[in-house]
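Okay, structure first, notes after.
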Amino acid sequence: MTGIVVALLLAASCVLLTLSRTAPPERVVEASIARPPGSRPLPVGHRRGEPRIRGAGRTVDPHELPLFVLQLAGLLRAGRPSHLLWADMESVHAGSRSPFATAALPVLATARRAAELGLSVPDALRQATICPSDPTSGGPAGEHLARLWIDLSGCLIVAERSGAPLAGILEQYAAQLVADLDGLSARDTALAGPRATVVLLAWLPAVGLVLGFALGLNPLAVLLGSAPGRAALAAGVLFMIASRVWSRRLVRRAAGSGP
């Protein structure tokens, strides 16, 4: 009987660890625009282990950021003039109800008006970042999108001052965004095992109690029926909480989420 119980517990642990390491197959789509040489296809949707940018009640797929940059580069490669670029992008995203399009449309409208008036588009992008028109654009989603507009303004300034093709600069920037997302996905995949181990260790005390009852003992009577038992129970609970907090802290530090 004891061997059967132990075998079942080990089998359950193996299944839990296997499920935590297994991710659904990746779905990829070939973008209808030019991608930088050597770049990987952009995944569509969300996979387990991939980061998501969360705002106030909204979820922005981070893969939309490099896709947006590649759309800009694709329009330039197709021969569209730079002063019409932002009007084209505004029309592309006008019919979309995605969280990214909702957050990007006010900035695109600001950039379009600046281009039509002959003003500086980089300054307009930075100003839209400093004074967002969307009151819910705070949080991680707002930070990532603000960084996108600042980086795009930097790309425009570099192209204006150096004379380098803007499409090539945008493609290199999109490749860097894709590489950053790949790094985050690889990190989360590597941390899936430690996270599952933390959960498994947290349930070990309960498994020990069940195993004690399976052996014909009464662990609760031992733990609650005497002063040494109650002291052992209190010490065990304290150690369990401390180990849980410490393990989660180690995983967060390994994930780069702070101390």
Task: Filter result for the condition that a residue is in a helix (DSSP H, G or I), surrounded by 14 or more Cβ atoms within 10 Å (Cβ to Cβ) and in contact (Cβ under 8 Å) with a residue 24 or more places away in the chain, over Ala109, Ala101, Ala87 - done: Ala87
Open item on the list: Checking Val198 against (1) modelled with pLDDT under 80; (2) assigned by TED's automatic domain parsing to the domain that holds Leu70: exactly one of these is not met. Which one?
Closed with: (2)
TODO: For Asp88, indicate whether it is modelled with pLDDT under 80 and within 21 Å of Leu152 (Cα to Cα).
DONE: no
TODO: Mind listing whichever residues of region 167-224 are polar (S, T, N, Q) and either farther than 20 Å from Phe68 by Cβ or in contact (Cβ under 8 Å) with a residue 24 or more places away in the chain (or both)?
DONE: Gln172, Ser185, Thr189, Thr197, Asn218
Open item on the list: Just to be sure I understand the filter: pairs with C-beta atoms under 6 Å, separated by 6 or more residues or on different chains, first member in region 119-144 and of a type in the set (S, T, N, Q), second member modelled with pLDDT under 55 and not in a helix (DSSP H, G or I). Which pairs pass?
Closed with: Thr136/Ala56
Task: Out of Leu170, Leu152, Leu156, sole residue that is under 20 Å from Leu76 (Cβ atoms), part of a helix (DSSP H, G or I), in contact with a Cys (Cβ under 8 Å, 6 or more places away or on another chain) and modelled with pLDDT of 90 or more - done: Leu170
Task: Out of Val251, Val207, sole residue that is closer than 29 Å to Leu191 by Cα, out of contact with any Gly (no Cβ under 8 Å at 6 or more places or on another chain), modelled with pLDDT under 80 and of a type outside the set (Asp, Glu) - done: Val251
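The values are calculated or read from the model by the stated rules, or taken from the named source; none is laboratory data. Just so you know, these numbers come straight off a predicted model, no measurement behind them. All Cβ positions, glycine included, derive from the backbone under ideal geometry; neighbour counts span all protein chains shown.
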